[in-house]
Each structure stands twice: as C-alpha cells, then as structure tokens.
1. May I ask you to evaluate 6.51 cos²θ - 1.76 cosθ + 1.60, the Karplus curve with θ = phi - 60°, for each residue of the stretch B:102-116 and list the ³J(HN,Hα) values in order in whole Hz, giving x for glycine and proline?
2. Please tell me the relative contact order of chain C in percent, rounded to the nearest whole number, where contacts are Cα pairs under 8 Å and at least six residues apart.
3. Filter the cross-link list A:Lys31/B:Lys155; B:Lys119/C:Lys182; B:Lys128/B:Lys189; B:Lys155/B:Lys209; B:Lys41/B:Lys155; B:Lys29/B:Lys189 down to pairs whose alpha-carbon distance in this structure exceeds 26 Å.
4. Calculate how steeply helix B:118-136 sits against the longest principal axis of the alpha-carbon atoms of chain B, using the helix alpha-carbon long axis, and give the answer as 0 to 90 degrees to the nearest 10.
5. May I ask for the angle, rounded to the nearest 10°, between helix B:151-164 and the longest principal axis of chain B, with both axes built from Cα atoms and the value confined to 0 to 90°?
6. Just to be sure I understand the model, the point goes 7 Å from the Cα along the line to the Cβ. What's the resulting A:Ser149 to B:Asp240 distance in nm?
7. Need one number for the stretch A:153-246: average projected area of the convex hull over its C-alpha atoms, nm².
8. Provide Rg and Dmax in Å for the protein assembly as shown, with only Cα atoms included in the calculation.
Amino acid sequence: MEGQLSINVCLAATHYGLIALSFALVSRTAKFFHVAHCAIFTLGAYITFTLIGTGVGSVASVVGGVIVGSAAGCAMDLIVFQRLRRRGASPEIQLLASFGLLVTLQSLISLFFGNERHSLLNQPAEMGISLLWGHATPTQLLAAGVSLSVAVVILLWSRLSTAGLILKAVGDDPGLSLARGIRTDRAILIAFAVASGAMALGGILQAADVGLTPLMGFQALLVGFAGALLGGLDSNARAYFGGVAIGGLEQLGAMFLPGQWYESAIYLLLIIVLVARGRRALGERIE
Amino acid sequence: MTIRAENLEKHFNGVKALRCTNVEFNESKITAIIGPNGAGKTTLVDALTGFLDIDSGRCFIEQIDTTQMRPDQIARLGVARTFQEVRLVWGESVIENVMAAIPSRGEQFCYALTNFGLKAEHDKNYTKALEVLQFVGLRDLADTIATDLSYGQQKLLEFARCLATEARWLILDEPVSGISPVLVESMIKILRSVVKEGRSIVFIEHDIKAVKEVADVVVVLDEGRVVVAGATAEVLARDDVMEAYVG
Amino acid sequence: MEYLFHIVIIAGIYASLAVSLSLSAGQAGLLSLAPAAIFGVGAYTTALLASNVDIPLAGGLPCAMAIAAVASIPLAVAASRLRGDHFIMATLGYQVFLASVFENWVDVTKGPLGLASIPRRIFDSWYISSNSEFACLALVLSVLSVFVAMRLSNGAFGRVLHCIRDDESIALALGKDIRRFKFQILMVSGAIAGAAGSLYATYTTFVDPSAFTINESIVVATMAIVGGIRTLWGPVLGAAALVLIPELLRFSGIPHTVAAPLHQAIFGVALIWIVMNLPQGLLGSAKGKALSQNRKTK
C-alpha cells in the first residue's frame, strides 16, 4: 500500500513540480501572478488532441501542442501585458487582465470542444507495469520521465545560461536592468515562451494520463500556484520543489482524508502559505 | 519632551544604513538633519516614525518606547511627517487632501452609516482646512485637483496636511528641495511661525542656506552615524562638516 | 410578465453583489474574488435556517448577513497583511476553499445534490408566491446597497478609504488605523453579499454549490468593473447589462451548450478590454502603490 502511495507521490510530484516551476518562471520575470498561464496548460492538451484527431502522429502532435502553447503565451505578452507594462500598470491590473484572458480562453475551448472529458490517445486502458513498489502505466512513467527531464533542463538553463541570468535580473529589479541596457521586454517575452511551452507540455502529459476537460488548467493552477508559493517564488528551484511537495501532499491527502476533502485542504494550505509569506514578500514586511 | 533614537542599527542587503545611531530632538526647536546622499537620513526618519523595522536599538517619543509601534500608532502620539517623494491623494482636490488629516467623527463606522451630526462637523472641518490653506498660501487653490499643482505647491500641500493634524512634532523630508526661491522664503517664514506656536520641527535638507536661516540645531549624519550635533552656527562653521558636504 | 420579473430579481441580486464588491475594491482598493463564496454563505445559512429550524426570511436574512460578515473576516486578515495582487490571490484561494466546502460538507450542505424546497416564508404566515413581490424585494436590496455604499464612500470615512486605496502610507502617516477600516469595509461588503444570498435562496428555493463558484465571482467582478467600479450606480448598470446578455442569447435561439461558454467568453473579452483601456485609476493609483509598497517598510 505504501509502495503504491510512493509511486503516486513521485508521479504527482514530477507533474506539479513542472507546473510550479513554469508558473514561477513567468510570474517572477513579469512580476505579476499570471493566472492565464493555466489556460496554456489546457490549450496545449487540446491542440495535441486536435492534431492527433486529424491524423498527425503522436510525437508531432505533442510538439505541435507545445509550440502552439508557447506561441499563445507570447501572444498574450505582446498583445496585452507589454502594453500594460508600458503604461505603468500595477501588478493587480495585470492580474485582472490575466483573469480576463483565462476566462476567455477557457470558455472558447469549452465552446469548441464541449465540457465532456475526452481521451487523448484513444487507446485501450493500459496495463500497469509492475514496479518494485506498486504499479504505474507506461504512459505515466514516460510522462514522469519527460516532466523531470524538461524541468531539469529549464532549471539548468535558468541558472547557467546568460539568458537565464538575464531573466533573473529582470525579475529582481526591472528598473535597474533597464538602466543597464537589458532589453527587459525581450527577456519577459522569452520567459513567456519557455514557461508556456513547459506548461503546455504539462497539460499534454496530464491529458495523456487522465484525459482532457476545459477546466483542467484551472485545477492545475491552484495546486501549482500553491506549490510555487510554498517553495518560494523568488527562486525557480525552490518553486519546483514546492510543487514537488504539494504533489506529495495531495496524494497523501487523497489517501488519508475522507472523500474530496484533500482538495479543500490544499486550498486552505494555499491561503495559509500566502498569508504567512506575505509578511516576508521579497524580504520586506508590508504594513 | 524629546524624540530620541538609541543605538539604532539597520542594514539593507548587507549595507549598513544606520550604525549605532544616537540622536535626540528637543521640543520647540527646529532641528535640521544634514549629510551626504546615502547617509541614512531618511532611514532614520522612517525608523522614528515607524515606517521601518530596525535591526536593533530603541526609539522613544516623549519617554514612550515606540520601537515596535506601527506608523499609525506613532502618528497618533502627535507626530506628523512628509515624505521624500511627495505623497498625496492625486485624484482629489487640495482641500480634500487637507480634510483627510483632520480627525473626524465621520470616520467611525456608525456615524458614517447614519450620517448623524456629520453635516455640522463637515462644515467645521472645512473651515479649519481653509484656515490651514490660508496659512500656507494655498487657499485660492482649494478646489484644484492635486495633480494640477506645481511641484512646489504639492510640497506645500503635503506640509499643510501635517499642520492640519495638529501634531506637536512635524518631521519633514526635504521640505524646500526642488522648489522656487520664492516658495523657499515662504516656507521658511511658515516654519518659524509654526514653532512659535509651540510645535517642534525636525527636517532633512540639502539646502544649506535654508538650514542656516531657520534651524536652531543641526545634526550631521554620515554613513549611518551621527558625526556631530549642536547649535547651527557652531556646526556649520566646522571645516570637517563642510568637507563632508562638498567633498 | 413573470419572466420579466425573474430578470429583475436576478439583476437586482447581482447588482447588490456588484455594489458590495465595488465598495471594497473601488473605494478601498481591495479587490476580492470571493463574493460568490460569501454570497453562498448567506444563501446556505438562510436555506438551513428555513428548512431545519423553520426561521422565515425576516430572521434568516439578518442571520445570513451576520454570518457572511464573519465569513469575511479571513479576507480582512489577508488584507491587513498582503499587498494588492497577493491579496487578490488570497481571496481566490478563499473562494475555491469555501466552494469546496460547499461541495464536500455533505452532512450539512448535501454537497452537489443541494438543499431543495426552501420555504418562501417571509414573516409569520406571509408566504411569497409571485415574482413581482420578489422583484420588489430585489430592488429594495439593490437600492439599500447603493445607499450604504454612498454613505461609506463619501465624507470622512470615504476619504480614509481613498487614502488606503491610493497610498496606504498616507493613511498611516495621518494616524488612521487602516486595519480597522479594512475590516469594516470587508465585513459590510460581506453582509451585503450575504443578504443577496439570502434573497437568492428564498427565491430559487434551491441552493447548490454550482451557483457559488469562481466563475460567478469573476462575473460579479466583471459587472462591477465594466459598470464603473468607483461609481455608485455603475455596478448596478453593469449587473443589469451583463444579466441581460445571456437572456438575449437565449432568445436568439442559440443552444444552451453554446450560449453558456459564449457569454462567458464575452465577459472575458469585456474584462480584458476594460482593463486595457481604462485610465490607470482602476484600483488605485499605480504611482501611489509603487511608493507605498516598494519601499522597504515595516
């Protein structure tokens, strides 16, 4: 029993780790809570679903989904957020705009695809592979592997590459970065591109496991956001591990709490973490 | 009656803004805080008015330990302040900005909801606000929206707001910097008459001429430490002070 | 005719919600994304009192308002500790938390099945049967909400709220206890939302969690923003307009499965458009916020 639990924890952990990481990457660099990011999660899955439906091969469909997801994220930045930034809009305003985008995208997906759960791959239910401690399907294992690898690549890139360091600088102090000649708009656009691609991938991987619904992104957002906060939004690596922790907590909660109460517990945790961290937001206490 | 800072220490990201800062401001005097940029002047003021948490040390306002107090609690003890960057409610008129400073029963929830007796109070406060504006020379601009004022007028308005609170202590961050010489003269006259009425003023300033003209006491801060403090004439006559400034 | 009254009732209820949101958001700069959840608290309270303890609306409504106000306390605590966008996210968390409680606390709320057959008893033996009577109640509620908003937005109380909205440090420097103001405004907001919920439960005679989700909160926020979040009657107009759109869609013969996401998409676009085209003062001056929050403060 514990064995299966730990398998589930690992699967959930890699999944939410990636979501939390991508959310932290974009929110940190653009300096606001980009809630519409979760719409990219859903969009990526549905694009892949559509491509597979039109006969494109699985791998190409996945790549297509990731590319479209990344492009959609960039479009959001270019059309909406860059303009708001130029006008000196506060983080709250950008958050509101992001909500508008989220609602619009989610409802358009609902409009075109309906609300029922679709299956991504349309193949018969897979037999679980027997691992040492429990069972996992090949799809789940592949998803976890891909998730983990992509996360590692992104983390290394953000720490070691010039681009990654520029993104960090822009996130820490955009004014100073601009004064130093860094093209902050381009840096933020890159953050959107990379984070959205990763988020789209996350959505595709989840869809491959449990299918897709228009609301899948929002649910992912809440847990991923809680995870990113838990780890700390001021560091990509910490956000990733926060996501990992939340994934683990979710599975533990599902196992030990009656019914669907583990959901409520996660949301409560989100609020608690937010309020607790609010006092230490970026090293300042807020009066 | 004094405002006192005892052994204040504060650092930001490894840079020490205040080191073992000890200073005392006496009532009914005009004290100027001077020093080069980054000396810690605004940090000191922020700490004393509760807008900043210090790492160690204590602050006192008239014998009351205010180190852990919130800014609004300290303000209610009779301390009013202005800020380095002028802070006003930009969308509202001059007189509305001043009226916000006058304590009013209408701020209590039950009174606000029932509007009980508030008309008379509003008229009274309105008149009082006009008086304050008259005193600083902004009465004719009472209905102007704050964003439409010149920089100097905005500073004056911020100061008028402090006056309207009837606080005994006025702590001003660069009250005359960046404003026209005519307004500087006005401001100096106003500061003098305010102190004659029994209030105490502490101000941060770079304009040495203004400091010479109006301050009774000068405190010189450099790299977070009080270098020297004393009567204006003596302090400003010292070579090392002028060095710290010009050099 | 009954149908027309139905629209008026729904519009009136949502207008009160929009006014309650604009009171805390437009006047004090505290945008809560939890109005639907607080609305639900009021609705469930009234429903449970009416069905289990036989308390009519005359008693149920004040109770709903009180409990909704209490339910708003966590929001006030968050407002005291968090800056603007963190606060909004905290309210989002609270909204989904409460919504999940409505779903999961099956013993009390019957979960997704909902509470049905709520008696439409107003007082003693006075039962409401026609929509026209409810329409009057809904209109009275809207007008009263605007009245309360008016009293709190003007005068000395309103001035302090505006300070808090535009630059908290000013309010602090003037000795105002901003936590008290935030608590009061959020609790009043909550009480109004609770009253709306009370009326809603009694009118529809059925409450279930689907009416109190994040989607509804975003609808209420959009109504207030589109109508004019800083004005008194703007949110009412916004509510009326945005209640009419789905009804018009229904009449145009578009099937429900299309109409529902379509009107949501319209809301989303309206929200984006307004946010992008409105002058900066939507939730307080950006300059004031930057000054107040980016300094290293206590």
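1. Once θ is set to phi - 60°, the couplings for the stretch B:102-116 become 7, x, 8, 5, x, 7, 7, 4, 5, 5, 4, 5, 9, 6, 6 Hz.
2. Relative contact order of chain C: 35 percent.
3. A:Lys31/B:Lys155
4. 40 degrees
5. Between helix and principal axis, roughly 80 degrees.
6. If labels sit at A:Ser149 and B:Asp240, their model points lie 6.8 nm apart.
7. Numbers: hull surface 26.3 nm².
Its Cα hull, projected and averaged over all orientations, spans 6.6 nm².
8. Just the Cα atoms of the protein assembly as shown yield Rg and Dmax of 29.4, 93 Å.
We did not get these values from a lab; they are worked out from the coordinates using the rules stated. Keep in mind that what you see is a predicted model, and the values were worked out from it rather than measured. We place every Cβ from the backbone using ideal geometry, glycine too, and count neighbours over all the protein chains shown.
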